[in-house]
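Notes follow the structure.
The values are calculated or read from the model by the stated rules, or taken from the named source; none is laboratory data. Here the structure is a predicted model, which is why all the values come from computation and not from measurement. Glycine also receives a Cβ, built like all others from the backbone with ideal geometry; neighbour counts cover every protein chain displayed. Side chains are part of the model used for accessible areas, which takes the heavy atoms of the whole protein and leaves out ligands, DNA and RNA. Shrake-Rupley method; radii C 1.70, N 1.55, O 1.52, S 1.80 Å.
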Protein chains: 2
Amino acid sequence: MKFEDYPAPVYPPRCAHPCEECGLRRSPAFLAVSAAELDAIQSFRSGTRVVEAGGRIVGEDRPSAQLYTLYSGWAFRYKTLSDGRRQILSFLLPGDFIGLQDEFADGHTHGVEAVTGTTLCTFERDTLWDLFHTQPKLGYHITWLAAREEKLVDDNLVTAGRRNAGERVAMLLMHLYRRAERAGMVRDGWAEFPFNQQHIADALGLSLVHTNKTLRRLQRLGLYKLDSGWLRILEPHALEALGDYFERPMLPAPLI
Amino acid sequence: MKFEDYPAPVYPPRCAHPCEECGLRRSPAFLAVSAAELDAIQSFRSGTRVVEAGGRIVGEDRPSAQLYTLYSGWAFRYKTLSDGRRQILSFLLPGDFIGLQDEFADGHTHGVEAVTGTTLCTFERDTLWDLFHTQPKLGYHITWLAAREEKLVDDNLVTAGRRNAGERVAMLLMHLYRRAERAGMVRDGWAEFPFNQQHIADALGLSLVHTNKTLRRLQRLGLYKLDSGWLRILEPHALEALGDYFERPMLPAPLI
DNA sequence: CGTATCTTTGAAGGTAGTCAAGGACCGTGG
DNA sequence: CCACGGTCCTTGACTACCTTCAAAGATACG
């Protein structure tokens, strides 16, 4: 059974309803929660926020007072050096938790930017400990999310450090496709792909020009198609082999 | 007051004593804990393990059944591609928690290797949830550690993706010196530096040869000295400016 | 003293960065 | 309707940073 068959909301206009009606939760990508936990999440949640495409979710200069769960849309975490060079650390999809890294900040924060229009559930940072205290299970889940997020960055570091341009692009395309698939953002083999080549370059640690040339090369080889914001993988095995990157089936994730 | 003034054990032969006598805890780098928490940690701990220099702490093929706190020595986390290219993800110092990333594994694990001889406190993975349940505060602390660890990898990703060789080396030297200082491994301005150039190359995503040439260049410029396993920073401001990397004062960390 | 490991250096080649400019597409407004 | 500016994509030419290959020192150790 594919995720497309589930009524997962791709871009709900807004999430103003109670958590128990949350559309995301119907997806099998997320763990079921008890009624008590859902209550705790509901009261942990302080509101909803909408950010337009290209807008800033969290500024790079200081940690935000809020934590977020991305409810719909695509976003990314990034850091910039003082001369403007930017590195994208990881991409964020619905269900991803935002802001944990800064919870224990010694400065050195990162920014979060929306790629598409996004909606977010907001939580107040200073109530986090209370959540751990009253609902240890949810604390455990948050640790789960933090650990998963770090694994993503681990993989990206291997890519930036040890893969060449072709391998990097192959790995990123497969990775984003798989995550989109899991999040129910694939229809008929086409995945939402709202990124421009500057995003890809900044994620892979390549220049814009070289990213373009590498993308075109792999496209001419017939490995994938990209059409007005939608991605289709034509040769998944070739891309996986080229990138030396083989996704394992993903476990259901907690959703806070 | 400098950390050197504290009686922090640099390389205790072994940690077989109860946690309340733990030498690490005397360091101001770590948060104080209550007696009840210390009891919980003590009963969470299942034993002690010693790994010789260069030995494998956690294999790359499968998640280990144990979690660890590094008690003494230096180690690193790494991943290797199928053709042998290796990327070091982060370095580990006393107090660092090991194995969390695999707690929620979907495969895709990483290895951990000892640089020097190390001693580790061991915990059984399947008792982690129990710890969260009975001691939410410690669960919160574990999340703290996970978030800090991810920030380290974030920084390393920026380095591998967007810094050139000189900047990478400058940043790594400053970073390791600062962490050694905090861990009480600096004496008279000399920090323990047990790494060979292959370690540095694998951490920075550079080739061994180019790493060597870059190290020599910065050394000839008089920015640092390296002598039989000990590092002295001669020009901290120059190195920080070159690497565009400015450490903020670090908060006391939890110690599990 | 011989072997293994690590460091150092030179030379050659290639991958990726930089510079520059044209093209495609889109929305806006004259 | 078409001109215009903006953003993003594409391509070529040139440059340079970094990798690879090769081999010679240095150091430690049995």
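Quick test for you: out of B:Arg85, B:Arg62, pick the one residue that is out of contact with any Cys (no Cβ under 9 Å at 6 or more places or on another chain) and at pLDDT 95 or above. Let's see the steps before the verdict.
On the way: B:Arg62 fails: at pLDDT 95 or above.
Going through B:Arg85, B:Arg62 in turn, the sole match is B:Arg85.
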Legend entry - Residue check, B:Gly117 under 21 Å from B:Ala241 (Cβ atoms) and surrounded by fewer than 22 Cβ atoms within 10 Å (Cβ to Cβ): no
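To keep it simple, each residue is scored yes or no on (1) farther than 15 Å from B:Gly161 by Cα; (2) modelled with pLDDT of 95 or more; (3) assigned by TED's automatic domain parsing to the domain that holds A:Ala53.
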position: A:Asp154; (1), (2), (3): no, yes, yes
position: A:Val169; (1), (2), (3): no, yes, no
position: A:Met174; (1), (2), (3): yes, yes, no
position: A:Arg178; (1), (2), (3): yes, yes, no
position: A:Met185; (1), (2), (3): yes, no, no
position: A:Asp188; (1), (2), (3): yes, no, no
position: A:Asn196; (1), (2), (3): yes, yes, no
position: A:Ile200; (1), (2), (3): no, yes, no
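Taking the condition open to solvent by 10 Å² or more (accessible area, probe 1.4 Å) and more than 10 Å from chain B (Cβ to nearest Cβ), does A:Phe97 pass?
For A:Phe97, the condition - open to solvent by 10 Å² or more (accessible area, probe 1.4 Å) and more than 10 Å from chain B (Cβ to nearest Cβ) - is met.
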Legend entry - Residues being without any contact (Cβ under 8 Å) to a residue 40 or more places away in the chain and touching a Cys at 6+ places or on another chain (Cβ under 7 Å) - total across region A:40-59: 1
Legend entry - Scope region A:136-161; condition within 16 Å of DNA strand C (Cβ to nearest atom) and either surrounded by fewer than 22 Cβ atoms within 10 Å (Cβ to Cβ) or more than 7 Å from every other protein chain (Cβ to nearest Cβ) (or both); matching residues: A:Thr159
Legend entry - In region B:201-245, residue nearest to the other protein chains (Cβ to nearest Cβ) [restricted to those that are on the phi > 0 side of the Ramachandran plot and away from DNA strand C (no atom under 13 Å from the Cβ)]: B:Asp244
Inset, instruction - Return only the number of the condition from (1) at pLDDT below 95; (2) open to solvent by less than 10 Å² (accessible area, probe 1.4 Å) that A:Phe123 does not satisfy. - result: (1)
Inset, instruction - Please give the number of the condition B:Gly111 fails out of (1) farther than 22 Å from B:Cys22 by Cα; (2) more than 12 Å from chain A (Cβ to nearest Cβ); (3) among the small types (Gly, Ala, Ser). - result: (2)
Legend entry - Considering residues of region A:233-256 that are under 17 Å from B:Leu81 (Cβ atoms) and at pLDDT below 95 only, the residue surrounded by the fewest Cβ atoms within 10 Å (Cβ to Cβ): A:Arg248
